[in-house]
Every structure is written in structure tokens, then in C-alpha cells.
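Every number here is computed from the coordinates shown, using simple stated rules; none is lab data. Predicted model only: the values in this text are computed from it and were never measured. Cβ atoms come from the backbone with ideal geometry, glycine included; neighbour counts cover every protein chain shown.
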Amino acid sequence: VNGKNPIINHEYLGDEVVGKDVLIVDDIISSGESMLDVAEELKSRKARRIFIASTFALFTNGIESFDKAYKEGIFDRLYSTNLTYRKPELLNAEWYVDVDLSKFLSFIIDMLNHDQSLSYLIDPRNKINLFLKERGLR
């Protein structure tokens, strides 16, 4: 409604987060109010570090509320993709990490153009096994 999510209430139903690192994931950050509400609730429950991830960081109301929340220690980093336009002030924010999906997207386009299955790209097992093998953990 008017660019905002008409959420009446957030309720946390998860396990205890005292001293734990937490990842909050959402597909789109429009104003970001709901993500900051969740982060504040987790901090009040003594979460250690809070990381936020989003596919599309639109920030339709600007980044000021996130600047303030970061300075207050509400969250530690926000990760989002380069799949939409990001304003220069967002790209330069101390708390923002830009995730480049260009290579991944080019693989998807190439596989689709060659009528190949996307299963290999979507299934993380091979990448996890390679990661573990490179570190001598498997």
C-alpha cells in the first residue's frame, strides 16, 4: 500500500538466538522497514551479529534508516545483487556488499541457449564438495 508492506505485526517463532549470528533473507527491499523490524527484534533477543540478504535492494525511501540502524549496531552487513539499479550512495555505504551475479546469469543464458538443464547450476552439492576437498576437509 503506497509502496509499503501492510504488515500489522511481526512475530518471532524461531529458536533462541542468544550469542548466535543470524541471516535475514528477503527477495526485495523496498523501504526496508520490515527487515529492520526483524533485525531489531533479533538484537533485543541478544543475537550476536545480524546479516541481511536480498535479491533486489531498491531502497525506495533512501538508505538513511539503514545508515542509522548500522551505526546503532542493529545489523552488521547487507548483501544484495547487481540485478537491479543501485544508487551510488548505496554502493558506497560502509555496510553494503554488492554481490555480482553476472557470471552466474551468463551461465544460465548460455545453458538455456543450448537447451541444457539448469540442474547443475542450481544444485550446490558439487560446489560444496569441491570447497571441502580444496580445504582438506573431505
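If you find the alpha carbon centre of segment 77-103 and of segment 19-69, how far apart are they in angstrom?
When both Cα centres are located, 14 Å separates them.
Which net charge results when you count Lys and Arg as +1 and Asp and Glu as -1 among the other residues whose beta-carbon is under 14 Å from that of Q116? If you can, show how the numbers build up before the last one.
Details: positive: none; negative: D110, D115, D123.
Taking every Cβ under 14 Å from that of Q116, the sum is -3.
If you add up the charges near L137, with Lys and Arg at +1 and Asp and Glu at -1, over every other residue whose beta carbon is less than 15 angstrom from its beta carbon, what do you get?
Working: positive: R125, K127, K133, R135, R138; negative: E134.
For residues surrounding L137, the net value is +4.
From the phi angles alone, apply the Karplus equation (6.51, -1.76, 1.60; θ = phi - 60°) to segment 37-48 and give each ³J(HN,Hα) in whole Hz, x where the residue is Gly or Pro.
Here the 3J(HN,Hα) series is 4, 5, 4, 4, 5, 5, 5, 5, 8, 6, 5, 6 Hz.
Using each residue's phi in segment 76-93, evaluate 6.51 cos²θ - 1.76 cosθ + 1.60 at θ = phi - 60° and report the 3J(HN,Hα) Karplus result to the nearest Hz, with x for Gly and Pro.
For segment 76-93, the Karplus curve yields 9, 8, 10, 10, 8, 8, 8, 8, 8, 5, 10, 5, x, 5, 5, 4, 8, 5 Hz.
Add -39500 (n - 2.57) for each DSSP H run of 4 or more in the chain, then divide by its residues: what number comes out at 222 nm, to the nearest 500 deg cm²/dmol?
Values: 6 runs with 50 residues, N = 138.
Computed ellipticity for the chain at 222 nm equals -10000 deg cm²/dmol.
What residues qualify as long-range amide H neighbours of L101, i.e. H under 5 Å apart, gap of 5 or more or another chain, H built at 1.01 Å from N?
Under 5 Å from the amide H of L101 lie the amide H atoms of N82, each far enough along the sequence or on another chain.
What residues qualify as long-range amide H neighbours of I24, i.e. H under 5 Å apart, gap of 5 or more or another chain, H built at 1.01 Å from N?
F51, I52, A53
Show me the ranking of peptides 53-60, 91-98, 12-19 by mean Cβ neighbours inside 10 Å, starting with the highest.
53-60, 91-98, 12-19
Per the Kirkwood definition applied to all pairs of different Cα atoms, how many angstroms is the hydrodynamic radius of segment 1-87?
Numbers: mean 1/r = 0.0742 Å⁻¹.
Computed over Cα pairs of segment 1-87, the Kirkwood hydrodynamic radius comes out at 13.5 Å.
Which whole-number value in Å³ per residue fits the convex hull of the alpha carbons of segment 26-138?
Value for segment 26-138: 149 Å³ per residue.
Taking +1 at the Cβ of each Lys and Arg and -1 at the Cβ of each Asp and Glu, which of N61, N9, P88 sits farthest along the dipole of the chain towards its positive end, judged by Cα position relative to the Cα centre?
Among N61, N9, P88, the one farthest towards the positive end of the dipole of the chain is P88.
By how many nm would the segment from Q116 to K71 grow when fully extended, if each residue of separation counts as 0.36 nm and the alpha-carbon distance is taken off? Show your work: numbers first, answer last.
On the way: separation 45, 0.36 × 45 = 16.20 nm, distance 4.66 nm.
Value of the extension gain: 11.5 nm.
Using 31 Å as the Cα-Cα cut-off, could you pick out the over-long pairs in K46/K68; K43/K133; K20/K127; K20/K68; K43/K87; K46/K133? The partial results should precede the final answer.
Numbers: K46/K68 19 Å; K43/K133 36 Å; K20/K127 26 Å; K20/K68 22 Å; K43/K87 28 Å; K46/K133 35 Å.
Over 31 Å Cα-Cα: K43/K133; K46/K133.
Run the dipole for the chain about the Cα centre, Lys and Arg Cβ at +1, Asp and Glu Cβ at -1, nothing else charged, and hand back the magnitude in debye, nearest 20.
Details: 18 positive and 22 negative charges, 111 e Å.
Dipole magnitude for the chain comes out near 540 debye.
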